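Heads up: the structure comes next, in structure tokens.
The values are calculated or read from the model by the stated rules, or taken from the named source; none is laboratory data. In this text, all values refer to a predicted model and were calculated from it rather than measured experimentally. Backbone-built Cβ (ideal geometry, glycine too); neighbour counts: all protein chains shown.
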């Protein structure tokens with residue numbers, strides 16, 4: 001009677017690959033097991049084998065990844081930036097092996113090593129950074145753009161915990177945190193050299209010449225982690241960049257030495273809660289505040305990165321005249337709509353552009369996809385909350401709304417009811433900003 005391991009050695013499910021590739025894969029696998037995991041076959045677990053295999057497959061991505069970025073840097077094509085609060089990428093190992101066309105070779109290599117490829121695939125934690133169609137659509141778009149060879153980048157948040165894990169207790173469903181990073185993520189590369197400050201709160205003062213100055217703000221740092229997105233059997237490998245929130249001062253030694261251990265890390269927890277979970281409960285004020293901070297955190301860090309890339313290298317983009325011709329920013333639903341006032345703030349307050357020119361650049365840079373018209377699903381932020389967290393952005397939204405309503409009045413004069421319905425600012429009851437209206441009115445596509 002053959003054991004399960006002996007049975008697996010009798011047949012390779014996915015076919016026989018070229019011997020040279022299989023030999024190289026086995027060599028690379030053992031190298032990663034020994035030198036990355038610092039283990040051998042006697043003590044290694046299935047998780048160790050999975051990580052060794054993931055790093056082996058990663059090796060096949062690196063040259064594609066580097067060459068793709070070199071090509072974009074040299075040719076300077078128009079780049080697509082896909083902003084989404086969700087990216088439901090799913091498991092990476094199987095998809096990557098398929099896209100780089102090494103599935104059969106890896107299967108044969110693992111078979112010759114006495115390992116079950118399907119068992120190793122099951123060791124990967126599902127990156128549940130989305131909860132449905134919105135996140136899955138974003139992931140599919142990234143795959144498709146890489147397969148088409150487009151210069152595309154995805155931008156989202158690297159949540160510490162995924163959507164949730166379901167448990168049943170006493171007959172009731174309870175939600176548990178999805179600790180997808182518990183054993184590390186072999187598919188990401190931290191990029192601390194591209195860490196950016198993101199400001200919250202504070203107040204605004206006049207800076208002259210139509211500019212405003214945002215002062216007394218509280219900064220949080222956005223640390224990027226890159227994940228490769230290979231195209232299907234081509235040489236393109238694009239990037240999904242996810243931001244993780246970091247505190248400027250993570251530990252207060254003075255307070256700690258006074259015995260106040262909780263407050264010694266309070267500032268760090270307040271900052272890093274931004275990237276803690278996807279969709280925090282917003283049935284109360286602090287939940288709403290956290291979700292709004294998440295959305296601005298994503299767009300503020302991303303726009304700094306986009307502008308850095310626009311100005312980098314040999315492109316010599318010293319002005320923003322070519323910005324809409326080189327940059328296309330796709331907003332996936334209402335969550336990243338704050339990117340519109342944020343880009344206007346950068347262009348007017350920091351770069352010194354006149355409002356009319358800044359609006360032309362912004363309007364022709366952004367595109368927006370609306371995913372629902374259900375009233376309960378459309379974001380409508382209280383004006384008081386926006387004024388508290390993002391005072392300058394509220395001023396910019398008011399200016400956008402004023403100019404938008406002037407256009408409405410010119411087309412439908414004396415129709416005050418239409419003006420009320422189409423205004424970005426809802427006046428009935430508590431004043432709110434309709435983010436879907438901002439997304440539609442602030443983009444050209």
Q: Residues being in a loop (DSSP other than H, G, I, E, B), touching a strand residue (DSSP E or B) at 6+ places or on another chain (Cβ under 7 Å) and crowded, with 16+ Cβ neighbours inside 10 Å: count how many of those fall in segment 178-194.
A: 4
Q.
With the structure loaded, tell me whether residue 400 is crowded, with 16+ Cβ neighbours inside 10 Å, touching a strand residue (DSSP E or B) at 6+ places or on another chain (Cβ under 9 Å) and closer than 30 Å to residue 152 by Cβ or whether it fails that test.
A. no
Q) How many residues are touching a residue at least 12 places away in the same chain (Cβ under 8 Å) and surrounded by fewer than 19 Cβ atoms within 10 Å (Cβ to Cβ) when one looks only at segment 119-136? A) 9
(Q) Checking the structure you have, find out if any residue of segment 279-288 is in contact with a helix residue (DSSP H, G or I) (Cβ under 9 Å, 6 or more places away or on another chain), part of a helix (DSSP H, G or I) and loosely packed, with under 14 Cβ neighbours inside 10 Å. (A) yes
Q: Output the number of residues of segment 152-176 satisfying the condition of being surrounded by fewer than 20 Cβ atoms within 10 Å (Cβ to Cβ) and over 20 Å from residue 246 (Cβ atoms).
A: 13
Q | Residues satisfying the stated conditions in segment 403-424, i.e. surrounded by 13 or more Cβ atoms within 10 Å (Cβ to Cβ), out of contact with any strand residue (DSSP E or B) (no Cβ under 6 Å at 6 or more places or on another chain) and within 24 Å of residue 371 (Cβ to Cβ) | A | 404, 422, 423
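From the list 293, 309, pick out the single residue that is over 23 Å from residue 127 (Cβ atoms) and either surrounded by 17 or more Cβ atoms within 10 Å (Cβ to Cβ) or under 13 Å from the mean Cα position of the chain (by Cα) (or both).
Result of the check over 293, 309: 309.
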Q: Output yes when any residue across segment 329-337 is in a helix (DSSP H, G or I) and in contact with a helix residue (DSSP H, G or I) (Cβ under 9 Å, 6 or more places away or on another chain), and no when none is.
A: no
Q) Do we find that residue 210 is in contact with a helix residue (DSSP H, G or I) (Cβ under 9 Å, 6 or more places away or on another chain), touching a residue at least 40 places away in the same chain (Cβ under 8 Å), loosely packed, with under 14 Cβ neighbours inside 10 Å and farther than 20 Å from residue 280 by Cβ in this structure? A) yes
Q: Those residues that are modelled with pLDDT of 95 or more and within 17 Å of residue 96 (Cβ to Cβ), I need them from segment 125-141; list them, please.
A: 139, 140
Q. Among the residues of segment 344-372 satisfying the criterion of being outside any helix (DSSP H, G or I) and touching a helix residue (DSSP H, G or I) at 6+ places or on another chain (Cβ under 7 Å), which is surrounded by the fewest Cβ atoms within 10 Å (Cβ to Cβ)?
A. 370
(Q) If I filter segment 170-183 for residues that are within 30 Å of residue 23 (Cβ to Cβ) and in contact with a helix residue (DSSP H, G or I) (Cβ under 7 Å, 6 or more places away or on another chain), do I get at least one hit? (A) yes
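So which of 88, 111, 81 ends up being touching a residue at least 60 places away in the same chain (Cβ under 8 Å) and within 30 Å of residue 134 (Cα to Cα)? Steps first, please.
Values: 88 fails: touching a residue at least 60 places away in the same chain (Cβ under 8 Å); 111 fails: within 30 Å of residue 134 (Cα to Cα).
On inspection, the qualifying residue turns out to be 81.
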Q: State the number of residues belonging to segment 222-251 that are without any contact (Cβ under 8 Å) to a residue 40 or more places away in the chain, in a strand (DSSP E or B) and closer than 18 Å to residue 273 by Cβ.
A: 1
Q. Which condition number does residue 319 fail, the rest of (1) under 24 Å from the mean Cα position of the chain (by Cα); (2) part of a loop (DSSP other than H, G, I, E, B) being met?
A. (1)
Q | Residue satisfying all of: in segment 213-234; over 10 Å from residue 199 (Cα atoms) and more than 23 Å from the chain's Cα centre (by Cα); surrounded by the fewest Cβ atoms within 10 Å (Cβ to Cβ) among these | A | 233
Q. Would a scan of segment 33-41 turn up a residue that is at pLDDT 90 or above, outside any loop (DSSP other than H, G, I, E, B) and surrounded by 14 or more Cβ atoms within 10 Å (Cβ to Cβ)?
A. yes
